[in-house]
Amino acid sequence: MVDLSESGAVSPGHGRHGQGSGFGNNGKKTSKKSRTRRGKRGRRRRSKKNNRNNKTPPPYFPPEAEEGNIEYKLKLVNPTQYRFEHLATQLKWRLQEGRGEAVYQIGVEDNGLLVGLTEADMKASLKTLKRMAEKVGADITLLREREVDYDLDRNTRKIAEVLVRKVPDDQQFLDLRVAVLGNVDSGKSTLLGVLTQGELDNGRGRARLNLFRHLHEIQTGRTSSISFEILGFNSKGEVVNYSESRTAEEICESSSKMITFIDLAGHHKYLKTTIFGLTSYCPDFAMLVVSANTGIAGTTREHLGLAMALKVPIFIVVSKVDLCSRGTVERTVRQLERVLKQPGCNKVPMVVSNPDDAVTAAQQFTQSAWWVVNYSESRTAEEICESSSKMITFIDLAGHHKYLKTTIFGLTSYCPDFAMLVVSANTGIAGTTREHLGLAMALKVPIFIVVSKVDLCSRGTVERTVRQLERVLKQPGCNKVPMVVSNPDDAVTAAQQFTQSAWWVKYD
C-alpha cells in the first residue's frame, strides 16, 4: 500500500497545488528536507501522545499505618547522624509492635506509591538498614525484590521487602505456637513429622511415629492425645530441625525463632481433648489440614468453627495432593472457598502457591466479623426491630449428648455475647450440664444460670441444687463467685459484675 501523503502523486480531486504536491499553502515550493523534518516532529508528537494515553497507572500499597510492624521508606542513602539516630529509634518501635519482627518496604512512599530505586540507591539503602539493625542488635533478611516499570523509564527500578528480626532481651528466642487441626486421617501427624524430622515419609507412617505417645496410637495411626513438636529458624531464615540428629536443646540454642506445633486429635471421639488443647495452650495461629481426596469431612467444620470462635488466625493446608488428580484438588479448593465465604466465616481466601504469595498472605492475616438474625412468632421481625432500642437474639441449642456436635457448632459459629445455662431444680447438674458449662467457659463466654422447674420441687430440693451449683462454680476449673438474683436490685448488681462472676436466676 502506497502512502500518498508522503509521495509526489496527486490524488483524484486535488489540483496542481493541492496537499499532495510539493507546494506549501502560499503556493511556494517546499524542499524535501523541510518536509521530512516536519514529518518527524509530527510523528514524535503523536508518539508522546500515545505513550501518555497508554501509560499504566502507578501501582500502590495501602498507606503506611502509624501502628504495626510495617514501615515504608523511599530511600536510606547517606543519612546524617541525627537522621540515623531517629531511624534507629523508629526501628525499635516497629520491632516492639511486631514482637521482635518488622518488615521494611524500601522504595515505597508513605502514601503507598511504588516509586522504586536504582541499583546504586538500593544497595546504599540496604547498607544503611543493616547498620540500623546492628545498632539495635537485630538481623535483616531480604524477602523479595520486585521491578517497577510503570513509568516506561529506561533505568530499571526496584523495591525491596526486608525482614528485620530481633530477639527480645528477656528471651532466648521468639516463640510461636501453632495448633494443628483437621479431620482424622488428613495427614496432620505425618506433615509435622516431615517438617520437624527433615525427611519424607516412607508411605507406611514412619514420619509420624515420633509424635505418638501411646501404644494404641501407633497401632491405629490416629492421635488421641496432645503432643508437641518444635521447628526452629536461625537469624538468616534457615530451617533448624532434627535432620542432623540434634536434640531439642541444640535446636533452641541455634534458633532465633521457634515454632511449637500442638498436634491435636482429629477423631470426633476425642473432640474434648482438641477443645482442651485449643483453649489451654493459647496458640498464636491454627493450621487446618484438609485432605485433598476427602475435602471437608468429619470434624473439619467443627475445628474451623472452634478456631474462629476463639479468634485464632487460621490458615489451611491441603494435603495428599499427590494422590489425587488435578481436578480433585481444584474441587476441594473450591469447596473450601465456598465455606470460607459463607456468612458464618466471612473470610477472603487467598491461594498460596509461591514464596511471594506466602509473604503477602502473612501480612494480611486479619479477622472478620459475623452476625446473627432473630425471628419472633407473635410479631414480625421488622415490627420488633422498629419498636425496640435493644435486641436480644436467643440461640436455642440441643441438650442431648447425641447432638453435642450441633451444640458446639452453634456456640462457635454464632459467637454469642452471653450464655444462659438452664438447670432443672429436680435433677440438678446431670447429663451434659457440665459439658455445656465447660464449653462456655472455654470459649470465654460470660455465663448466667437459670434454675427452672422450682414449682415442681420442694424448697429443700431447690436449695440442694443451688448448693451443688455453688460447689461446681467454686472449683479451681471454674473459679467463679456465684451470686443469687432474687430481685431487680440483685439483677443490676450482678449485671455490673458480670465479667468477674457467674450468677444465676432462681424462679420462686
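The values are calculated or read from the model by the stated rules, or taken from the named source; none is laboratory data. Worth saying up front: this structure is predicted, and the values here are computed from it rather than measured. Every residue, glycine among them, receives a Cβ derived from its backbone with ideal geometry; neighbour counts consider all protein chains shown. These area figures cover heavy atoms from the full protein model, side chains too; ligands, DNA and RNA do not enter into them. Shrake-Rupley method; radii C 1.70, N 1.55, O 1.52, S 1.80 Å.
Only residues that are more than 15 Å from Gly137 (Cα to Cα) and either at pLDDT 90 or above or not assigned by the TED database to the domain that holds Lys135 (or both) were counted in the stretch 85-102, giving 1. Residues of the stretch 395-404 that are under 15 Å from His268 (Cβ atoms) and open to solvent by less than 80 Å² (accessible area, probe 1.4 Å): Leu404 alone. Filtering Val329, Val312 for residues that are part of a loop (DSSP other than H, G, I, E, B), surrounded by 12 or more Cβ atoms within 10 Å (Cβ to Cβ) and modelled with pLDDT of 85 or more leaves a single hit, Val312. Can you tell me which residue in the stretch 338-373 is modelled with the highest pLDDT, limited to those that are open to solvent by 50 Å² or more (accessible area, probe 1.4 Å), within 23 Å of Pro416 (Cβ to Cβ) and of a type outside the set (S, T, N, Q)? Taking the candidates together, the pick is Lys341. Is at least one residue of the stretch 293-301 part of a helix (DSSP H, G or I), modelled with pLDDT of 85 or more and surrounded by 15 or more Cβ atoms within 10 Å (Cβ to Cβ)? For the stretch 293-301, residues part of a helix (DSSP H, G or I), modelled with pLDDT of 85 or more and surrounded by 15 or more Cβ atoms within 10 Å (Cβ to Cβ): present.
Just for the stretch 166-191: of the residues that are open to solvent by less than 40 Å² (accessible area, probe 1.4 Å) and modelled with pLDDT of 85 or more, which one is farthest from Leu76 (Cα to Cα)? Here the answer is Asn183. Total residues in the stretch 87-139 satisfying the condition of being assigned to a loop (DSSP other than H, G, I, E, B) and either touching a strand residue (DSSP E or B) at 6+ places or on another chain (Cβ under 8 Å) or on the phi < 0 side of the Ramachandran plot (or both): the figure is 12. Here Asp322 does not fit the description of being of a type in the set (D, E, K, R), in a helix (DSSP H, G or I) and touching a residue at least 60 places away in the same chain (Cβ under 8 Å). Can you tell me which residue in the stretch 405-430 is nearest to the chain's Cα centre (by Cα), limited to those that are within 20 Å of Thr273 (Cα to Cα) and open to solvent by 70 Å² or more (accessible area, probe 1.4 Å)? Among those that are within 20 Å of Thr273 (Cα to Cα) and open to solvent by 70 Å² or more (accessible area, probe 1.4 Å), it is Phe409.
Among the residues here, Glu101 does not qualify as farther than 23 Å from Asp175 by Cβ and either open to solvent by 20 Å² or more (accessible area, probe 1.4 Å) or without any contact (Cβ under 8 Å) to a residue 24 or more places away in the chain (or both). Counting the residues of the stretch 281-292 that are under 19 Å from Gly187 (Cα atoms) and either open to solvent by 30 Å² or more (accessible area, probe 1.4 Å) or touching a residue at least 60 places away in the same chain (Cβ under 8 Å) (or both) gives 7. Contact annotation: residue pairs with Cβ atoms under 6 Å, 6 or more positions apart or on different chains, pairing a residue in the stretch 457-476 that is among the aliphatic types (A, V, I, L, M) with a partner that is part of a helix (DSSP H, G or I), are Val462/Val454. Looking at the structure I just gave you, is Ile259 in a strand (DSSP E or B) and touching a residue at least 60 places away in the same chain (Cβ under 8 Å)? Spelling it out, Ile259 is indeed in a strand (DSSP E or B) and touching a residue at least 60 places away in the same chain (Cβ under 8 Å). Picking from residues in the stretch 86-98 that are over 10 Å from Glu71 (Cβ atoms) and open to solvent by 70 Å² or more (accessible area, probe 1.4 Å), the one that is farthest from the chain's Cα centre (by Cα) is His86. In this structure, Gly266 does not qualify as surrounded by 20 or more Cβ atoms within 10 Å (Cβ to Cβ), in a helix (DSSP H, G or I) and within 24 Å of the chain's Cα centre (by Cα).
Looking only at the stretch 199-221, decide whether some residue is surrounded by fewer than 15 Cβ atoms within 10 Å (Cβ to Cβ), modelled with pLDDT of 75 or more and not assigned by the TED database to the domain that holds Leu126. Scanning the stretch 199-221, I find at least one residue that is surrounded by fewer than 15 Cβ atoms within 10 Å (Cβ to Cβ), modelled with pLDDT of 75 or more and not assigned by the TED database to the domain that holds Leu126, so the answer is yes. Among the residues of the stretch 448-491, those that are among the charged types (D, E, K, R), out of contact with any strand residue (DSSP E or B) (no Cβ under 7 Å at 6 or more places or on another chain) and over 19 Å from Ala419 (Cα atoms) comprise Asp455, Arg459, Glu463, Arg464, Arg467, Arg471, Asp489. Give me the pairs, please: first residue somewhere in the stretch 420-445 and touching a residue at least 24 places away in the same chain (Cβ under 8 Å), second residue anywhere and open to solvent by 40 Å² or more (accessible area, probe 1.4 Å) and of a type in the set (Lys, Arg), beta-carbon distance under 7 Å, and either six or more positions apart or on two chains. Here the result reads Ser424/Lys453; Ala425/Lys453; Asn426/Lys453, each pair linking the stretch 420-445 to a residue that is open to solvent by 40 Å² or more (accessible area, probe 1.4 Å) and of a type in the set (Lys, Arg).
Considering the stretch 482-508, and only residues there that are modelled with pLDDT of 75 or more, open to solvent by 60 Å² or more (accessible area, probe 1.4 Å) and assigned to a loop (DSSP other than H, G, I, E, B), the residue that is farthest from Thr461 (Cα to Cα) turns out to be Asn487.
Checked against (1) open to solvent by 10 Å² or more (accessible area, probe 1.4 Å); (2) part of a helix (DSSP H, G or I), Leu278 meets all criteria but (1).
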